[in-house]
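A short reminder: the numbers here are calculations on the coordinates, not readings from a lab. Everything numeric here is computed off the predicted structure, so don't read it as measured data. Neighbour counts run over all protein chains shown; Cβ positions are idealised from the backbone, glycine included.
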Amino acid sequence: MSIAILYGLCSAVLVGLGLFALITHPQPLRKILAFNLIGSGVFLLFGVVAHNGAAAGFGGDPVPQALVITGLVVAFASTALAVALLLRLFQETGRATLQSDD
Amino acid sequence: MIEPLLMPGSATAGGFLLVLAVVLPVLGVLLSLALGGRHAERIALILMPAGLAVAGATTAAVWRTRAVLQYFVGGWYPPLGVAFRADGLSAVMMLVTGLLICGIGLFARVQFASPEQGEGRAPFAFWTLLLAIWGGLNAVFLGGDLFNLYVALELLTFAAVPLVSLDGRAETIKAALRYLLFALLGSILYLLGAVLFYGAYGALAIVILSGRVRAEPVAWAAIALMTAGLLAKAALYPFHLWLPPAHAGAPAPASAILSGLVVKAPFFLVVRLWFDVMPGQPQQAAAQILGTLGAAAILFGSVVALRQARLKLLIAYSTVAQIGYLFLMFPLAVKPVTGHPWSTFAWTGGVVQAISHAVAKAAMFLAAGLIAEALGHDRIARLAGIGRALPVTVLAFGLGGLSLMGLPPSGGFVAKAMLLSAAVSEGQWWWAVVVLTGGLLAAGYVFLVLARSLADPVEPLRLSATISPGRQAVVLALALCAVLLGFVPLRPLELLQIGRPV
Amino acid sequence: MALDAVLAVLVVGVAVWTVAARDTFAAVVGFVAFGLLVALIWVRLAAPDVALTEAALGSGLTGGLLLGASTRLGRTEAEATGELPGGLLQFAAATVSVLVSAGLIALVLLLPEPAPTLAPKVAANIAATGLQNPVTAVLMAYRAIDTLLEVMVLLLALVGMWSLAPDHLWGGAPGRREPADPDGVLTFVAQVLLPVGILVAIHIFWVGSVAPGGEFQGATIFAAMWILATMAGLANTPPVMRRSLRLLLIAGPAVFFAIGLAGFAIAGAFLAYPADYAKLLILIIEIPLTLSIATTLALLVAGPPEQEPQR
């Protein structure tokens, strides 16, 4: 088994695990965490694809590697905005839940 | 096959218009942020006609040359570089977006007027985010690269979510958070599909992929994941849960943008994926699933809309239903029926539905905003008398409603008639039943509102705010546009076919 | 290979821990460790640029943000476990997740050999960019439009976050003001780390054109130093309406746009660079871009305005 396949399996497990957590955890912060797990899994798949595409003296295809950097920055921005919304909700209501009150 | 070469200046004539369409609003965001205060509003108002002119010029160029406009950003050809492309569909979507942004912007001047001194939170955020949404939408309509489209979708998400919670009430913050979580899940699924495409075919450019994609599991998985992600963003049943509180809770101009335009972007990308990336694949079974979800959305959304006590929630549930119509396009237009004359008819019907719903729904949300402002509430049971107090606004609501019901003359009638004829002619009559039932239900909830509005109040109506004729005129103008779409003869619809793979 | 197997098992194990931990704070701590392990995977996958970004941004700043949030939410997080979904939903979620994972595993095994790659094309054209780091060439030249729009995404996230402030706090400074404690441990740590961190940040940014590193990694470390300084009470975050702050935020994308638009005239296309000046122009973009990104990242961690504006 090549290391690309090994980490490919790892990425697949992370996506599934994150998806499970996103659906089942009631706390929004845990959902945000789960979203980051799925993200890591997806980014790792970019890494696997990049590693498979090693050529021209590069250890990996630079295009998917660059895309991951963009993706990581976007994921951080998403996390920051989600956390800000969650903390504001907590300030306003004293609770941090997505369940509807009515 | 297109080879990557550094070859500056190799875009089609008029290709720079595509750059302008994205760059102008985005530069406006930067300027608003730098100058702040009253300038955010001024910059938006100055850029509105300029952006509309760019959209108009793009449409004219596509129509004149009968060809796709292209621009290779940085002079780099795909697969290494990123291309912007405008076909007939992109041009039309840009034009409609430009018109709606201008209308909604004019309307919002009162609600989001900048303070004389200093900077107001809500006005600053609204005008800056409005420009960002415009830039994001144009980037989606013009994007020719799956990853660039991902960034464009994120731009749109980050501009759209804060609009929901602009007035700061706790329930709108909750709605915004829920919307964000759905949108993020959608983005990450989309990205997962994109990397599968790259891993299998070594490209992200739609033109290149369409030549390389074969009928095999990796392509099916990629398109399924991307479609699922986009459905979550488009709020197609059963992913609709986030939409009603978000669209109903936002301030009226924001609701108009979100319901009219923002949810159309993921739909647009599903159309791109299914008709441009995967031409010639056996997808009829999957298309039936999309159609079934669409039908469920129409029936569920309309029935729930009928039971709403608040006007804005009613309109939001109606959006859930009207999004359903968009997806009836797929079982009627996807292979093996592609090439069949009725397939083009169904495809065009879906697109016309996207446009006419955008215009009609924007008018209706703005009308609801004026009604709520005048009454101080939007309880449907207590609307009596508003028809006499704000006749123009209620008329505009009714005219928008024509489009939702699919009655002539309106854009909605054209769209639904096209879907209906395609369904009957292709022998898929069950979709026709759904279209007709949805129309009846829409008639139900629109007439419910109109009947209450036109009733005589038990006690004299006391308005908590006076509404300027100017704002009512903007709403009526948008509603009239929705009606006028019904008079567009079929010839201009040829514009939509430019650049469409057959 | 044995090392990789251990690493993969560890990563999955820590991920399971962050999902299964009852306490949210513990889960977040697990996530930080997870991020660092993932950074190691990136090293193993021959992607040092990504490894740096993952360690600094994915694990570091994201971890800091989530740790701060879980501390502030505190008790409510524990209470929310009462809302755990029923067995049926858990079963359905597990089924869906296992199916997705299984499907992805199959697809990973089905990926074509030899893999399609753009590496030769990146290499063939890199001379025209004047850069030696291929990842930077993709980010700043071939796909510069993605990078430009991505910086706008960051700025919009910030505008959106600021818009969450209550009206009376608009114009105030983000986050809470930390009291300065001249004798505190944190102050000492900050005073020692700040100069070092800033030098490291400048180095990582500077080598980005030839070696792993660049504007995003450098900016993240700058941002971390800023956050450290505010946490130690050495500095307060500036109020959101301050003109100099706004200019700092837009400087990078503004210069990027200016040079990109100049490309119409001097290189024949938007975001194109004339080959002779490409390296210089990219550097002129990267310096303000790094500062703008650093400022945006630090402010995204700080949150919406929470301090009374000074009138």
Helix B:311-327 versus the longest principal axis of chain B: what angle, 0 to 90°, nearest 10, using Cα atoms? 20 degrees
Using alpha-carbon coordinates, inclination of helix B:469-484 to the longest axis of chain B, degrees: 50 degrees
Dipole-positive endmost among B:Leu399, B:Val262, B:Leu273 within chain B (Cβ charges, Cα centre): B:Leu399
Sum up the charges of everything whose Cβ sits under 13 Å from the Cβ of B:Gln70, counting Lys and Arg as +1 and Asp and Glu as -1, but leave B:Gln70 out. -1
Rounded to the nearest 20 debye, dipole of the range C:122-311 from Cβ charges on Lys, Arg, Asp, Glu: 280 debye
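Within 10 Å of each Cβ in peptide B:114-127, how many partner chain Cβ atoms are there on average? Round it to a whole number, please.
Whole-number average of other-chain Cβ neighbours for B:114-127 is 3.
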From zero up to wherever the largest Cα-Cα distance of the range B:438-502 sits, split into 5 Å bins and tell me the percent of pairs in each. 3, 11, 9, 15, 18, 14, 11, 7, 4, 4, 2, 1, 0
What are the lysines whose alpha-carbon lies under 27 Å from the alpha-carbon of C:Lys121, with same-chain residues fewer than 8 places away excluded? C:Lys279
Let me know the charge dipole size of chain B about its Cα centre in debye, to the nearest 20, where only the beta-carbon of Lys, Arg (+1) and Asp, Glu (-1) is charged. 520 debye
Hydrophobic long helices for chain C, i.e. whole DSSP H runs reaching 18 angstrom or more by Cα along the axis with Kyte-Doolittle mean at least 1.6, come out as C:2-20, C:24-44, C:87-110, C:144-162, C:185-207, C:243-266, C:278-302
With Cα coordinates, the longest principal axis of chain B makes an angle with the long axis of helix B:146-164, in degrees rounded to 10, of 10 degrees
Report, as a whole number in µm² per second, the diffusion coefficient that Stokes-Einstein gives for the protein assembly as shown at 10 °C and 1.306 mPa s using the Kirkwood radius over alpha carbon pairs. 57 µm²/s
Under a Cβ-Cβ cut-off of 11 Å, what is the net charge of the residues other than C:Thr230 that fall near it, where Lys and Arg count +1 and Asp and Glu count -1? +1
Per-residue Cβ contact counts at 10 Å, fewest first, order B:Met364, C:Met161 as C:Met161, B:Met364
Which ordering of B:Ser425, B:Ser464 is given by a fewest-first count of other beta-carbon atoms within 10 Å? B:Ser464, B:Ser425
Of C:Glu215, B:Glu119, C:Glu113, how do they rank once you tally other Cβ atoms within 10 Å and put the fewest first? C:Glu113, B:Glu119, C:Glu215
Give the residue from C:Val38, A:Thr70, B:His357 lying farthest towards the positive end of the charge dipole for the protein assembly as shown; charges sit on Cβ (+1 for Lys and Arg, -1 for Asp and Glu) and the dipole is referred to the Cα centre. B:His357
What dipole magnitude, in Debye to the nearest 20, does the range B:1-144 give about its Cα centre under +1 on Lys/Arg Cβ and -1 on Asp/Glu Cβ? 200 debye
Cross-link pairs beyond the 19 Å C-alpha cut-off, checked among B:Lys264/B:Lys361; B:Lys174/B:Lys233; B:Lys312/B:Lys361; B:Lys312/B:Lys416: B:Lys312/B:Lys416
Taking every residue in B:26-34, how many Cβ atoms of other protein chains lie within 10 Å of its Cβ, on average? 6
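What shape does chain C take by its C-alpha gyration tensor, where a ≥ b ≥ c are the square roots of the eigenvalues and a/c under 1.5 counts as rounded, a/b above b/c as prolate, and the rest as oblate?
Taking the square roots of the gyration eigenvalues as a ≥ b ≥ c, chain C is oblate.
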